[in-house]
Amino acid sequence: MMDWKASFSILSVPGVMQYIGKGIAFTLVLSVLSVLVSIVLGSVLALCRNYCTGKSRIFGWISTVYIEVFRNTPLLLWIFICLVACPCPKFFAHKMLGLTSVEMKILFRAVVALILFTSSVIAEIIRGGLNSIPKGQFEAAHTQGFSMVQTMIYIILPQAFRAVVPTLLSQIITTIKDSSYLANLACIELMSRVRKILSTSNMYNGAGHQMVSDVFVLFGTAFLIYFVINFTLSCVVRSLQKRRMAAPPVQREKEAAA
């Protein structure tokens with residue numbers, strides 16, 4: 001049975017859109033936090049895989065195994081593994097941010113799962129940027145008295161990050177979409193909240209029972225929210241790519257050297 005007017009009335013019920021809004025906020029927080037930590041961890045992994053040789057090659061091997069294992073296995077697998085096996089610090093065992101202690105534990109484990117997977121992907125993105133840097137940059141830095149650490153921080157990494165900004169933004173978009181997997185954990189992000197509303201839609205649509213149109217309206221709302229967020233970020237990515245391609249070669253060389 002379908003009653004579009006009754007189904008759309010669910011969205012006008014006091015508290016429903018506020019409940020969904022909190023889901024949007026937590027989705028963005030989960031995604032941004034995961035990406036920020038993953039960029040740091042991914043940078044370390046990329047540097048170890050590329051430059052750890054000789055006595056430190058063990059770190060290169062560990063980085064390679066980490067990247068290949070997590071990058072070539074499903075995110076959903078690690079979400080379930082973290083839910084069952086990931087230890088949770090006591091700090092997250094308390095009520096915070098309007099969440100119960102159980103939800104806080106799930107939130108922590110969800111972030112860990114996203115970081116494990118996303119960091120392996122970002123590591124390869126950053127490694128691609130590192131591989132695009134001419135070896136002459138290292139030699140020039142060495143002649144100027146820079147140590148290896150200083151060379152990486154002040155010369156190599158800034159250029160590598162500048163080269164992969166559009167790809168990193170694309171990965172942020174992917175991470176936002178991947179956060180919907182967390183609905184399988186009864187988490188508090190957008191999709192899980194939409195599913196919770198749908199499970200009790202008979203209480204809000206005035207019909208006394210769940211209708212097919214409820215599914216279309218509620219999941220359609222989630223679709224529009226994800227689309228607006230990700231399409232906006234996609235436009236940013238395309239704009240950056242166009243600006244980079246449209247810049248004269250001399251200007252691009254200046255930007256790379258900045």
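The values are calculated or read from the model by the stated rules, or taken from the named source; none is laboratory data. On a predicted model such as this, the values are computed, not experimentally measured, just so you know. Because the Cβ atoms are built from the backbone with ideal geometry, glycine has one as well, and the counts that use them run over all protein chains shown. These accessible areas exclude ligands, DNA and RNA; they are computed on the full protein's heavy atoms, side chains included. Shrake-Rupley method; radii C 1.70, N 1.55, O 1.52, S 1.80 Å.
Details
- Under the criterion of Cα pairs below 8 Å and six or more residues apart, the relative contact order for the range 1-108 equals 11 percent.
- The V236 and R71 beta-carbon pair, evaluated with R₀ = 30 Å, returns a calculated FRET efficiency of approximately 0.75.
- Of all accessible heavy-atom area on the range 1-61, the percent that carbon and sulfur account for (1.4 Å): 74
- The magnitude of the dipole of the range 98-227, with charges of +1 and -1 set on the Cβ of Lys/Arg and Asp/Glu and taken from the Cα centre, is near 80 debye.
- With Cα atoms, 0 to 90° folded angle of helix 16-51 axis to the chain main axis: 20
- With DNA, RNA and ligands ignored, accessible area of Y154 (1.4 Å probe; Å², nearest 10): 150
- Where the chain is the region considered: accessible area per residue in Å², 1.4 Å probe: 55
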